[in-house]
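What follows is a short report on a single structure.
Read-outs: derived from the displayed coordinates by stated rules, not from any lab. All values reported here derive from a predicted model rather than from experimental measurement. Reconstructed Cβ throughout: ideal geometry from the backbone, glycine too, with neighbour counts over all protein chains shown.
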């Protein structure tokens with residue numbers, strides 16, 4: 001049985017919403033240092049998002065049917081995440097870091113022989129994204145950037161659940177999505 005969108009959102013949204021909550025109390029008072037800290041955080045997430053886009057590009061030719069349609073949809077959403085992060089960096093006055101070439105990304109990817117390898121790698125990448133967003137979310141100072149990160153981690157958790165389902169695994173294996181299982 002496929003989980004509904006509501007079930008997927010419930011599994012991811014609660015943790016993301018709580019992580020997005022926060023206060024600027026006790027944080028550095030200098031707006032410049034806060035913007036720099038946010039830019040540094042966004043740059044790190046952006047680099048992983050770009051690698052994920054490249055990885056989906058490499059994995060798509062190995063997939064067929066419903067798996068291919070799902071991976072294409074996820075890849076498009078990952079590209080949207082990249083664009084949103086780049087806009088977020090610009091909004092606080094920092095240019096996004098230069099993107100690596102597809103070949104530079106490929107050097108760090110495992111060799112993918114078939115669709116099963118591509119799905120396994122996609123699950124690993126989505127888990128890394130969830131973990132990274134959850135780690136970085138409370139470190140963001142700017143409320144709109146925390147919101148962006150919370151919305152994005154909820155989407156990444158949906159991706160993870162759908163990919164687990166495609167692999168024949170429990171799509172909602174735990175009460176909280178942390179990206180560590």
Self-check item: Computed over region 30-166, the ratio Rg/Rh where both radii use C-alpha atoms and Rh is Kirkwood
Solution: 1.00
Quiz item: Points 7 angstrom from Cα along the Cβ direction at residue 68 and residue 101: gap in nanometres?
Solution: 2.8 nm
